[in-house]
1. Using the charge dipole of segment B:3-143 (Lys, Arg: +1 at Cβ; Asp, Glu: -1 at Cβ; taken about the Cα centre), state which of B:A5, B:Y140, B:M58 has its Cα farthest towards the positive end.
2. Would you order B:F53, B:F17 from fewest to most other beta-carbon atoms within 10 Å of each residue's own beta-carbon?
3. Could you work out, for segment B:3-143, what percent of all Cα-Cα pairs fall into each 5 Å distance bin, beginning at 0 Å and stopping at the bin that holds the largest distance?
4. Report, as an integer, the average count of C-beta atoms from other chains found within 10 Å of each Cβ along B:69-77.
5. How big is the C-alpha Rg of segment A:227-302 next to the rule-of-thumb value 2.2 N^0.38 Å, as a ratio?
6. Please say if segment A:500-626 is rounded, prolate or oblate, where rounded means a/c under 1.5 for a ≥ b ≥ c the square roots of the C-alpha gyration tensor eigenvalues, and otherwise the choice is prolate for a/b larger than b/c and oblate otherwise?
7. Beyond 20 Å, what percent of the Cα pairs of segment B:85-159 remain?
8. Which whole number gives the average count of other chain Cβ atoms within 10 Å of the Cβ atoms across peptide B:99-112?
Amino acid sequence: MSPVVPASPGLIVDLLGFLTGTVLYVMLVTMVWRERMREGMPFLSRRGRLPLLTGVCGVVWNLGALASFVTRAAGAEPLAPAILAATFSALGFLPAVVVHSLFEGRETVAGRRIIGLAIATAYGLSATAAVLHIVSAARGLPVPSGPALWLLTGGFTALIAVLLFVTPQQPVGRRGIWVVALSVFAVSALHFGRHVGNEAWWVELIGHHASLPLALAILHQGYRFALADLFLKNAIALLSFMGISLAVFSGAMAPLLRWQDASGQWDPRAISLFVALWMATALTFPVLRRWSAWFVDRAVLRRPDYDAALGLLAERLETAESEGAVVDDAAAAVQSALGITEARVIADPLPDGNRQVVVSGSALRASVPDSTTALLLRLQTVEAPHPAIALGPTAAGRRLLFDDVRLLEAIARLAARRIDSLRVAHERLDRNLREQEMQRLATEAELRALRAQLNPHFLFNALTTIGYLIQHSPARALETLLRLTNVLRGVLRRSTAEFSTLGDEIDLIASYLEIEQARFEERLQVAITVSPDLRAVPVPTLLLQPLVENAVRHGIAGRRSGGAIRVAADLDDGMLRVVVGDTGIGFNASAARQGTGVGLRSVGERLRAHYGARAALRIQSAVGAGTTIEIEIPVSESGDGPAADGRARPRGASMVQPR
Amino acid sequence: MKLRAIIADDERPARLFLAALMRAMPDVTIVAQAANGAEAIQLIEQHRPDVAFLDLQMPEIDGLGVVRLLRRRFLPLVVFVTAYDEYAVKAFELNAVDYLTKPVTEVRLREALRRVRERLERQDLRDAATTHLRKAVDVYDRIAPAGRLERIPVRRKDDIVLVPVSQIVSIVAEGELLHLTTSRQEHHTISYRLKDLEARLDPARFIRLGRGTLANLDAIVRVTPLPGGMYSVKLQNGQQLDVSRIQSRLLRGRLLEL
């Protein structure tokens, strides 16, 4: 059973400090390592090696110091000298890394030699100190080695002076940070050299935990580490949480810890209060995290409010009506939010070697800040083209950090979705227009077909008749309208089929003639005599309609007294004979020879095409006595295709002259 | 002042449809309705309306025929009515002649009546309309695919006589008029261009004798050669006509070669 060490503020500060340091450096190492893994960088890649080195040194130092401290506090055997030597060597390398990071990526700066010399000197000092520690450990001398610590203090103090001299072009703020960091380190090394274990708590804090500000200083040197902002936010949140916890502990919990009765039993109230306080403290962490994020964004990185920028962009994109406007808005948002000097829109870029493509996944592969290579922000739309925005370097010259890239991604996503929706909308509009056009064309085609078959005269006269009937006899108007519909639909439907039945054709011309009867009234008499047995006989479509139309036009319309139209059909010896006769004005031989009208001619041509010489078309006409047209077509017994073999014959239908 | 109108259409429904539209208008009154062209001429001369609505397609004497046969001093302002006649529409539009398409709409009818009223109020417009109307009738005859004429309507005092083409033995032009002579020794005068009339006659039946003469081939009974390779023909009604030099050659080819 080891003796209990009395609690002193210095002790608590050390314990917490080393714990915090361990957590922070482990976090740093993890982040850097993950970044390197994600980007598939080789192990010894230059990029990110300084943060990694810092993290590794910090972890070794803090773990070693923590272990040493715990063993000492517990009164156990001190740690092996070798471990102590490694711990202090790791600590000794941290200031060298700081010096190195000052100039990393700035090799073009004048006084390159001096810089190289300074870096070499820094590593030299650290290495010498490490050797001295190891030698001490090997010889059984006290570790850390006193001369090594003196060497570090003296050496780095001198180096600060030299560096101040060779870096006059650096801004005061930056110089301040590393000067303070190095100075603190130099002084703390001195502290370890005279460490006796009972100094005031603040001396312990500065002396032992100087590596924390060092780490921050290294990270601040140009943010070589893409997750630097994230790390800073976490670190600051963690440190302030530690401070609050410490304050709560010393102000409230430490007194509570004394609430023990004589037998050493804990007071339950004390335990409850203790736990409640602990929970309350824990609840402050999210708030701290937000504050630290705000602090890092605004005070350290001087970023504008990214969420507000995104909100504004979303608002503007809602009113952007073209892809160009969307990309322009996105470019403007990127430019103003990140302080980027130039944002150029590229319509549909092919990724090339000089430009990094920022899309999700490889987002962190952003270019180094001082390089002139542009970053390419690709708007990952669902379909090509994917517009892109070429980004120049930031005005502050710093690299893009985690949150910057996240902002870029959010902007790219927002703009890409808007473009997608615009494209879909345009496509829909296009499709609608196309459909309307198709509809229009279809209607036109139908009308053309209709016009080819039906005399427009018929249509307009029918409409006029219906107009009259609406005024005087609405019921008959409806009847006639329906008949007109029948005729139109019948003609349209037939415009695609070659054959229909005699029954359907008779129905069509019956409707047609009924409409004409409503028009000519008593001047037109109609007699249709077709046996129902013949209704199923197949006939070419619209074969009779032109004949009936002619009969009305020449037989009725041209005579004041009107006349009669007769349609009859009979079947005799496999031949279907259909007669359409009128009692109209008739025509003479020479007119018949010239072929009266387009309608009659096309009927003859169609008969010839379907049946060859087996069909006949006979015209009988006499002036003043009317005209009779007779059609004869063969009917196949089986009824399967009346033109099965007729079509092949090139012979004309016989046109018999009037008798 | 109410406009006095006459409507002529052989189809009763179409006529009554237009009449019903017009009756609903307060500023026009229908003084008569005609069921055919001859009736239209008679009624127009009887009632002397301000405006006549003439259907283009009527049996025997159509709307254009009415205009042609009306005596000049009786010619009212005319609005043609047609279901669908692209040639007529073309002729009318070329000559700013009013027309209505069937089914007639109230708006169009009102517009036509407004123009009629305007022309009635200004004599110059009215004269121009009459000139245009006659010109449009001529244009129509030229551009429309002419149907064969079987009977030619002619005026005889106040009547319209339909002269069968087969009875016509000769047609002689004199200025803007044509003198027809029938086999029954009747003489008629019509206002028509010989060229247009010739186009509507059967070329197998009528033959040109000169610039201003047509004769029925069946009516030629004797051909007398004249000095200089020309002919003179005698028709069955005793009419003697000279044949021009060019036509003499054609005549020889058609009649005198066995």
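1. Selected residue: B:A5.
2. B:F17, B:F53
3. Binned Cα distances yield the sequence 2, 11, 23, 26, 23, 13, 2, 0.
4. Numbers: counts 0, 0, 0, 0, 0, 0, 0, 0, 0.
Mean inter-chain Cβ contacts per residue within 10 Å come to 0.
5. 1.48
6. Note, shape of segment A:500-626 comes out oblate.
7. In whole percent, the share of Cα-Cα pairs in segment B:85-159 beyond 20 Å is 48.
8. On the way: counts 0, 0, 2, 9, 10, 2, 1, 0, 0, 0, 0, 0, 0, 0.
Partner Cβ neighbours, averaged per residue: 2.
Each reported figure results from applying straightforward, stated rules to the coordinates on display, with no laboratory input. Quick caveat, the model's predicted, so the values are computed rather than measured. Glycine gets a Cβ as well: all are built from the backbone with ideal geometry, and neighbour counts include every protein chain shown.
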